Amino acid sequence: MFRFLFIIAFLFSQLLFSQTDSKLYEIIDGVSSKRIEKDVITLANFRTRNTFSDTISSSEGIGAARRWIKSEFESISKDCKNCLTVFYQKDFVTTKDGERIPKDAWIVNVAAVQKGTKYPNRYIIMTGDIDSRNSDTMNFTDDAPGANDNASGMAGTIEAARVLSKYKFENSIVYLGLSGEEQGLFGGKGFAEYAKKNNWEIIGVLNNDMIGNIDGVDGVIDNRTFRIFSEPTPVTETEKERKMRRSYGGEVDGNSRQLARYIHKTVSEYMPEMNPMMVYRLDRFGRGGHHRPFNDLGYAGVRIMEAHENYNRQHQNIRTENGINYGDVIAGVNFEYAKKLTSVNAIVLASFGWSPKEPKNVLIGGIVAPNTILKWVKSDDDSIIGYKIYWRLTTSPQWEYSRFIGNVDNFELKGIVIDNYYFGVASVSKNGRESVVVFPKDIIRP
Ligand SMILES: [Zn+2]
């Protein structure tokens with residue numbers, strides 16, 4: 001009899017697990033390269049989306065572009081019984097705010113929020129950029145189609161909203177179009193401050209900036225590899241935290257890095273045909289992106305982008321010189337690849353959307369001992385069925401080992417010497433989803 005009940009319980013748990021599993025596969029298949037193509041073409045046809053371009057015209061300039069994006073989000077919302085809250089978030093900048101600001105203007109972002117059913121104040125955010133530029137970032141009148149940089153990321157964000165709005169999530173998902181990227185990340189800064197002011201609990205920010213080029217200036221053509229940039233530790237860490245890191249480790253285990261690992265793991269599991277490439281740096285060498293202003297406030301955020309860039313097609317006036325075609329035009333975007341990276345985002349958003357709250361206040365101990373001890377404060381989330389300890393060799397980029405240890409608030413890993421590994425703890429929900437892995441913030445003191 002007990003055995004029978006056990007089997008029933010086991011089958012039931014498998015059923016719950018497979019529910020979110022099969023939904024993730026459904027989401028991958030739901031993303032359309034045709035719709036992404038259509039939206040990239042629409043965005044590129046606004047002639048220029050420079051942040052300081054025309055705001056009155058209905059057919060060209062950044063004003064027309066943002067109104068179109070807002071109307072797209074609104075029509076998606078109409079199809080899901082108003083499941084999205086769509087709004088503009090804006091801040092005013094003047095020429096005194098930066099060297100690349102040609103005139104005073106409003107930096108206007110477009111947000112669509114799909115409220116979580118259980119934790120509406122916990123947010124996972126996908127961003128793309130509204131704005132574009134040509135060779136001269138101060139030139140806001142001549143053509144700057146910005147098909148890959150960054151209509152691709154914007155179109156991917158709109159498409160993710162279309163696909164995910166068909167589902168309900170426990171945490172909130174934000175689809176965000178940011179402006180002012182090319183002149184100094186002003187849109188991201190404004191929105192990060194808006195989130196902070198409204199006490200948003202941000203699970204992570206997925207900044208998509210250029211997700212459509214497969215034909216690299218390095219001669220490599222690759223439609224499977226993509227990069228996940230993440231900074232090693234938060235810039236907001238205190239002097240005390242920095243000193244602790246020196247003694248206890250954590251140089252490559254900040255919150256953005258854990259977010260990057262979560263993306264890598266999710267993609268490896270559900271889209272094994274892709275090659276996610278972790279890049280252990282905030283962004284490309286000396287270059288910036290819109291995850292950074294979120295990082296500046298301590299939020300976890302990463303940049304997702306193609307692996308091989310083509311500089312002939314970025315920030316270039318459209319022209320032919322010595323037989324080389326310059327310009328960020330539609331022909332340079334591979335829509336099947338943009339679809340794959342949009343699916344990557346969509347399954348990560350969904351996985352986090354259904355994920356439980358993470359354990360709090362994770363502590364670690366095991367100095368001069370053969371065992372490692374972890375302790376944490378259980379979350380009040382009633383969907384949690386237990387916790388999972390992760391560990392890896394100090395030189396490994398990904399968590400290598402894990403052990404589900406049930407619904408407890410401490411555990412001793414026998415025979416695992418603390419010196420040789422890094423450790424973390426994640427919550428596991430009854431639907432099979434996991435929280436991000438939380439790295440210990442302090443040691444267990446006697
Ligand atoms: Zn750019």
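What to note about this one:
- Criterion violated by residue 147 - all others in (1) touching a strand residue (DSSP E or B) at 6+ places or on another chain (Cβ under 9 Å); (2) buried (at least 24 other Cβ atoms within 10 Å of the Cβ) satisfied: (1)
- Flag if residue 161 is more than 16 Å from the ligand (Cβ to nearest atom) and closer than 22 Å to residue 211 by Cα: yes
- The lone exception for residue 312 - which of (1) in contact with a Ser or Thr (Cβ under 8 Å, 6 or more places away or on another chain); (2) within 16 Å of the ligand (Cβ to nearest atom); (3) part of a helix (DSSP H, G or I) it fails: (1)
- Search result, residues across region 172-187 that are within 23 Å of residue 162 (Cα to Cα) and either surrounded by fewer than 22 Cβ atoms within 10 Å (Cβ to Cβ) or away from the ligand (no atom under 13 Å from the Cβ) (or both): 172, 173, 174, 175, 176, 177
- Scanning region 228-235 for any residue that is within 16 Å of the ligand (Cβ to nearest atom) and crowded, with 23+ Cβ neighbours inside 10 Å turns up at least one such residue.
- Residue among 373, 324 that is among the aliphatic types (A, V, I, L, M) and either out of contact with any Leu (no Cβ under 9 Å at 6 or more places or on another chain) or within 16 Å of the ligand (Cβ to nearest atom) (or both): 324
- Residue check: residue 151 meets all listed conditions (1) within 13 Å of the ligand (Cβ to nearest atom); (2) closer than 18 Å to residue 72 by Cβ; (3) assigned to a loop (DSSP other than H, G, I, E, B) but one, namely (3).
- Within region 283-307, considering residues that are of a type in the set (A, V, I, L, M, F, W, C) and in contact (Cβ under 8 Å) with a residue 40 or more places away in the chain, the one nearest to residue 347 (Cα to Cα): 304
- Residue 303, sole failed condition from (1) in a strand (DSSP E or B); (2) more than 16 Å from the ligand (Cβ to nearest atom): (2)
- Restricting attention to region 310-347, the residues that are surrounded by fewer than 14 Cβ atoms within 10 Å (Cβ to Cβ), of a type outside the set (Asp, Glu) and out of contact with any strand residue (DSSP E or B) (no Cβ under 6 Å at 6 or more places or on another chain) total 6.
- The set of residues in region 194-211 that are within 16 Å of the ligand (Cβ to nearest atom) and under 15 Å from residue 295 (Cβ atoms) comprises 207, 209.
- Here region 101-126 is the region considered, the condition is being in contact with a Lys or Arg (Cβ under 8 Å, 6 or more places away or on another chain) and not small (Gly, Ala, Ser), and the residue that is nearest to residue 71 (Cα to Cα) is 110.
- Verdict on residue 214 being more than 13 Å from the ligand (Cβ to nearest atom), in contact with a Lys or Arg (Cβ under 7 Å, 6 or more places away or on another chain) and of a type in the set (A, V, I, L, M, F, W, C): no
- Selection status of residue 289, more than 15 Å from the chain's Cα centre (by Cα) and within 16 Å of the ligand (Cβ to nearest atom): no
- The set of residues from region 66-119 being more than 23 Å from the chain's Cα centre (by Cα), closer than 23 Å to residue 172 by Cα and in a helix (DSSP H, G or I) comprises 71, 75, 78, 79.
- Selection count, region 93-137, where residues are surrounded by fewer than 16 Cβ atoms within 10 Å (Cβ to Cβ), modelled with pLDDT of 95 or more and among the acidic types (Asp, Glu): 2
- Residue within region 338-357 that is basic (Lys, Arg) and in a strand (DSSP E or B) present: no
- Residue list for region 308-347, restricted to those being among the hydrophobic types (A, V, I, L, M, F, W, C), over 22 Å from residue 159 (Cβ atoms) and in contact (Cβ under 8 Å) with a residue 60 or more places away in the chain: 318
- Within region 94-125, the residues that satisfy the criterion of being in contact with a strand residue (DSSP E or B) (Cβ under 9 Å, 6 or more places away or on another chain), closer than 16 Å to residue 137 by Cβ and β-branched (Val, Ile, Thr) are 101, 107.
- Residues of region 136-148 that are within 12 Å of the ligand (Cβ to nearest atom) and farther than 30 Å from residue 350 by Cα: 137, 144.
The values are calculated or read from the model by the stated rules, or taken from the named source; none is laboratory data. Note that the coordinates shown come from a computational prediction; the quantities given were computed from them, not determined experimentally. For neighbour counting, all protein chains shown are included, and Cβ atoms are generated from backbone atoms with ideal geometry for every residue, glycine included.
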